[in-house]
Every structure is written in structure tokens, then in C-alpha cells.
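What follows is a short report on a single structure.
The values are calculated or read from the model by the stated rules, or taken from the named source; none is laboratory data. Here the structure is a predicted model, which is why all the values come from computation and not from measurement. Counting neighbours? That spans all protein chains shown, and the Cβs are built from the backbone with ideal geometry, glycine included. Quick note on the areas: whole protein, heavy atoms, side chains included, nothing else; ligands and nucleic acids left out. Shrake-Rupley method; radii C 1.70, N 1.55, O 1.52, S 1.80 Å.
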Amino acid sequence: MCFMKLESDLFDKIRTRKGTRPAPEPAKRICDADGCQEAASHRAPKGREAEGEYFWFCLEHVRAYNKSYNYFAGLDDSAIQNFQKAATVGHRPTWRMGSNARDDEAQRATGRTKRGWTGKTDDPFNLFGDGFRARPTEEPRRSVRNMERKSLATLGLDDTARPEEVKARYKALVKRHHPDANGGDRSLEDKLREVIQAYSYLKSVGFC
């Protein structure tokens, strides 16, 4: 039999395994029923206006709670009907088709309300009823050059005049300044010539 000396270097290489401590047991949840000390293993909803909150009961008391539970306790029939109706759409706000949350607001000149409706869609078959609004289609306006603007001014029009307005104004001015309409007076021939030239130019550039 040999004995190891306590002064030996081998003692420095010896390691012992640390003891593992058992995990602490979770705290026992006690039943929420008055006077009950049983473990609470079942949860039950607290009710209306406390969604997401729960009581914890033992099996005996959760059965008793479920038998007497009434989510609509304290509500009258009309309130219950309104709740059930709102539940069909997940209690989200809804609007009639063709309108929105700002339907009561006046439309702006562009056909838009303050939020939401743009009025770009048409309903030629009246699928959405009489309340469906649509913005009238606007024709794109061509740019007016200086010579065109001067010719329009000769006819007494501005650059917003439409082709049919130009034609109507031209006919009216020719009748007004023609010598035959003035008893043979030729003093207005210069004005008549300006009107004819202005109209001819507008017609040549495709304005009317």
C-alpha cells in the first residue's frame, strides 16, 4: 500500500464536481374563490370591459363560475342587439358603399372631400345607388401662344374660350361690322378685316 503525500503536486490537478441545486418549485397559484386554498389550474374570463383579464380557479369553482357566467349582464335588449350586429364586422366602423367617414363634408371645387373620396370613378349602371358621386371628366386644355391670345382678344375672347364660342363670336362680329348691315357704311371695314384675319389664324393653327 502506498500513501500519497499531501505536499504532492498531484493534489492541485484534482477537481471535484460541484453539486447541482434542484430548480425551485414554481409558486403555487391559489384559487380566487373566497376561502378556497386549492391549486388554481383553470382560468376564466373576467367579463365585458375586462377583455384579456382572467380569474384562476380550481376545477370545482371554475365549473360553478362557468354555469353562472353571462357576458351581457347589465345590458338591455337593444344594447345586446347592437353588440351582436357590430360583432359581425369585428366591431370595426363601416360605411355605405359609395360614401366614407367624411361623407357629410362638402366637396371641394376639385371634386374631393377633405379625406378619402376622390370622385374619379363613374357608375354608368347605377350599381351603387343615387348617392354615388362622380367627378365630370375634364377635357385637357391646350397651351395658348401669344399670337393666339392676341387673335382671341380681337374677337373679344380670352384664352379659356372653346372652339364653338370662337365660331359663334366670329359670325356675330361679321354680321355686326359688314357694310350691308350698316347701310353701306364702309367705316368698319378695317375692324371687319381684323376679325377675319384673327379667325383665319385661329382656324389655321387648329384652335377652332
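Scanning residues 5 or more positions from residue 30 or on other chains, those with amide H under 5 Å from its amide H are 40, with H placed 1.01 Å from N in the peptide plane.
The residues 207, 55, sorted by heavy-atom accessible surface at 1.4 Å with ligands and nucleic acids left out, run 55, 207 from largest to smallest. Computed over neighbours whose Cβ is under 15 Å from that of residue 80, the net charge equals -1, Lys and Arg +1, Asp and Glu -1. Label zone of residue 49 (point 7 Å out along Cα→Cβ, amide N under 13 Å): in the range 57-74 this covers 72-74. Could you please state how large a percent of the accessible area of the range 136-208 is carbon and sulfur, counting protein chains only and using a 1.4 Å probe? Ligands and nucleic acids excluded, carbon and sulfur reach 48 percent.
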